[in-house]
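Some notes on the structure that comes next.
The values are calculated or read from the model by the stated rules, or taken from the named source; none is laboratory data. Since the model is a prediction, treat every value here as computed from it, not as a measurement. Cβ placement follows ideal geometry from the backbone for every residue including glycine, while neighbour counts extend to all protein chains displayed. SASA here: full protein model, heavy atoms, side chains in, ligands and nucleic acids out. Shrake-Rupley method; radii C 1.70, N 1.55, O 1.52, S 1.80 Å.
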Amino acid sequence: METRLLITDINRSTHDSVTLFFEQPDEQFIYFPGQHIAITASVKGQPVTRTYSFNSAPLLDKRLAITIKR
């Protein structure tokens, strides 16, 4: 299943990591603690897919979040 997520906030936690916060999609987006998500972005015009795990809590946090370290 493909879902488009809109980045609503970026938190630069350290010099080599960033937390991305996403708007909750209109449809109910169900996920579990530690679940991975494949994210595809355009890098220099080419699609690049990476897998990340959520660091937001499904029942506690209103926004979805992942943290990326270089």
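Please build a GNM for the chain, connecting alpha carbons under 10 Å apart, and tell me which residue among Gln35, Gln46, Gln24 fluctuates the most.
Highest fluctuation of the listed residues: Gln46.
I'd like the carbon and sulfur percentage of the solvent accessible area for the chain, probe radius 1.4 Å, heavy atoms only, ligands and nucleic acids excluded. Numbers along the way, then the final one.
Working: 2980 of 5700 Å².
With neighbouring chains kept in place, the figure for the chain is 52 percent.
What distance in nm separates the simple spin-label points at Lys69 and Thr3, each placed 7 Å from Cα in the Cβ direction?
With each label placed 7 Å out from Cα toward Cβ, I get 2.6 nm.
Measuring with a 1.4 Å probe in the full set of protein chains, what accessible area per residue, in whole Å², belongs to region 1-65?
80
Only loop residues by DSSP count here, and only those with at most 16 other Cβ atoms within 10 Å; note down the chymotrypsin sites (Phe, Trp or Tyr not before Pro) in region 29-70 that meet that. Spell out each step's value before the answer.
On the way: sites: Phe29, Tyr31, Tyr52, Phe54; in loops: Phe29, Tyr31.
Here the chymotrypsin sites (Phe, Trp or Tyr not before Pro) that fit, given the DSSP loop and packing criteria, are Phe29, Tyr31.
Pick from Ser53, Ser13, Ser42: which residue has the top mean-square fluctuation in a GNM of the chain where Cα pairs under 10 Å get a spring?
Ser42
Relative to a virtual label point 7 Å from the Cα of Leu59 in the Cα→beta-carbon direction, which members of region 12-50 show backbone nitrogen distances below 12 Å?
Only 33 pass the distance filter.
Distance between Cα centroids, region 1-27 to region 39-63: provide it in whole Å.
7
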